[in-house]
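One structure is given below, encoded as structure tokens.
The values are calculated or read from the model by the stated rules, or taken from the named source; none is laboratory data. All of these numbers come straight from a predicted model, not from anything done at the bench. Heads up, the Cβs are rebuilt from the backbone with ideal geometry, glycines too, and the neighbour counts pull from every protein chain shown.
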Amino acid sequence: MIERAVTRYSGRGPGDREDMVQDVFLQLFHALRSYDASKPLEAYILEIARRVGISRLRKDSALKRGGMNPGPVSLNTDRGSEGDEGPIDVPSRERNQEDSLINAQETTRLKSALARLSESCRKLLFLRYDRSLSYKEIAVQLAVNEGALRVRVQRCLSALAATYAEGATQGARDR
């Protein structure tokens with residue numbers, strides 16, 4: 001059942017499908033605490049499989065756009081001819097130290113901004129962006145109107161952006 005569910009999301013062959021099935025089982029293991037026994041288990045499992053599949057598609061898309069680092073690349077042009085100059089080194093997409101430092105600073109600023117938000121905003125943003133739940137799923141879980149939830153999430157994002165920007169101006173003044 002799970003293998004059939006992830007088949008539409010796996011495009012790189014049976015090995016990829018097996019990895020996704022394993023990911024579904026891991027997610028299922030971690031999510032069983034939140035399972036509502038009054039609802040069908042099969043639907044719960046299929047929803048987890050759908051989320052794992054969508055996550056995999058997003059990751060693959062980011063790789064294609066160059067947003068994630070697949071590691072250093074080197075091409076060997078050894079063709080056996082006499083004029084061969086040996087391997088061609090292609091620059092990797094690895095981040096340099098400056099990029100890593102900037103990323104670490106931005107991550108620290110974001111964590112600090114999140115910590116200054118209200119608990120309800122942190123919870124909403126966690127459910128929406130970390131758990132990748134839809135507005136409808138969050139509305140059902142919190143027993144609120146979906147339209148009102150969208151407004152609350154937007155307000156929380158605005159508050160986060162303002163708090164994040166305050167951290168940027170504070171950091172610039174400290175230098």
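Things to note:
- Output for region 48-62, where each listed residue is exposed (fewer than 15 other Cβ atoms within 10 Å of the Cβ) and under 21 Å from residue 32 (Cα atoms): 54
- Options 17, 8; residue that is surrounded by 15 or more Cβ atoms within 10 Å (Cβ to Cβ), basic (Lys, Arg) and modelled with pLDDT under 80: 17
- Residue pairs whose Cβ atoms lie under 7 Å apart, separated by 6 or more positions or on different chains, with the first residue in region 22-47 and assigned to a loop (DSSP other than H, G, I, E, B) and the second surrounded by 15 or more Cβ atoms within 10 Å (Cβ to Cβ), are 35/44.
- Residue match in region 137-155 (condition: among the aliphatic types (A, V, I, L, M), surrounded by 13 or more Cβ atoms within 10 Å (Cβ to Cβ) and at pLDDT below 90): no
- Test: residue in region 76-96 that is at pLDDT 65 or above and in a helix (DSSP H, G or I): no
- Any hit, region 26-39, residues being polar (S, T, N, Q) and modelled with pLDDT of 80 or more: yes
- Members of region 115-136 found to be under 20 Å from the mean Cα position of the chain (by Cα), surrounded by 12 or more Cβ atoms within 10 Å (Cβ to Cβ) and assigned to a helix (DSSP H, G or I), listed by number: 121, 122, 123, 124, 125, 126, 127, 128, 135
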